[in-house]
1. If the reach is capped at under 24 angstrom between alpha carbons, list the lysines near residue 74, excluding any in the same chain fewer than eight residues apart.
2. Which value, in debye to the nearest 20, describes the size of the charge dipole of the chain about its Cα centre when Lys and Arg Cβ atoms bear +1, Asp and Glu Cβ atoms bear -1, and nothing else is charged?
3. Which one, 109, 54, 31, has the greatest fluctuation when you compute a Gaussian network model over the chain with C-alpha springs under 10 angstrom?
4. I want to verify a result. In a Gaussian network model of the chain, Cα cutoff 10 Å, which of these has the top mean-square fluctuation: 72, 44, 32?
5. May I ask for the equivalent-ellipsoid semi-axes of the chain, computed as the square root of five times each C-alpha gyration tensor eigenvalue and listed largest first in whole Å?
6. Give the Kirkwood hydrodynamic radius (Å, one decimal) of region 92-139, defined as one over the mean of 1/r across all pairs of different Cα atoms.
7. Ignoring any ligand, DNA or RNA, what whole percent of the accessible area of region 1-125 comes from carbon and sulfur when the probe is 1.4 angstrom?
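The values are calculated or read from the model by the stated rules, or taken from the named source; none is laboratory data. Everything numeric here is computed off the predicted structure, so don't read it as measured data. Cβ placement follows ideal geometry from the backbone for every residue including glycine, while neighbour counts extend to all protein chains displayed. Just so you know, the surface numbers come from the protein's heavy atoms only, side chains and all, with ligands and any DNA or RNA stripped out. Shrake-Rupley method; radii C 1.70, N 1.55, O 1.52, S 1.80 Å.
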Amino acid sequence: MSTGAYTETGRATGPRSGFWRRFGAVFIDGILLGIVTGILVAILKGGGYALGFIVAISYYTYFEGGPRGQTLGKRALGIRVIDFDSGGTIGYGRAAIRYVTSIISALIIYIGYLWMLWDREKQCWHDKTANSVVVPESAYPVS
């Protein structure tokens, strides 16, 4: 278990990652995945986009669902995804759901991403669907 604060029911109550750190992490991940998708499109033409989507869902599922809860962008900025109730990993199934619903968060002028600006727990829509929170690694270190 990490060192962040928890309620008596186990819910994580410590600090949350702010908007700009989360934005920076998504930006870094987007550049990495954009390069991979661009290469796939150059090689496979239209089919490269479908394969790029599969790579993206695999990337987010593997890294956010794993024990660190961090994509490369999140790791670079010192933030991670944890289970809201236990502070542990969200697992691969919930990480996949989180990624797919992040697309929905972006569909209408990114309102699902901006939601964290007024949400008490700083959760975006995809955090809510996966019952996760994004926290500073310094407050919730990887065990």
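1. 122, 128
2. Values: 14 positive and 9 negative charges, 42 e Å.
Roughly 200 debye for the chain.
3. Of 109, 54, 31, the Gaussian network model singles out 109 as fluctuating most.
4. Ranking 72, 44, 32 by mean-square fluctuation puts 44 first.
5. Over the Cα atoms of the chain, the semi-axes work out to 27, 15, 13 Å.
6. Numbers: mean 1/r = 0.0920 Å⁻¹.
Hydrodynamic radius (Kirkwood, Cα pairs) of region 92-139 is 10.9 Å.
7. Numbers: 5010 of 6900 Å².
Accessible surface attributable to carbon and sulfur in region 1-125 totals 73 percent.
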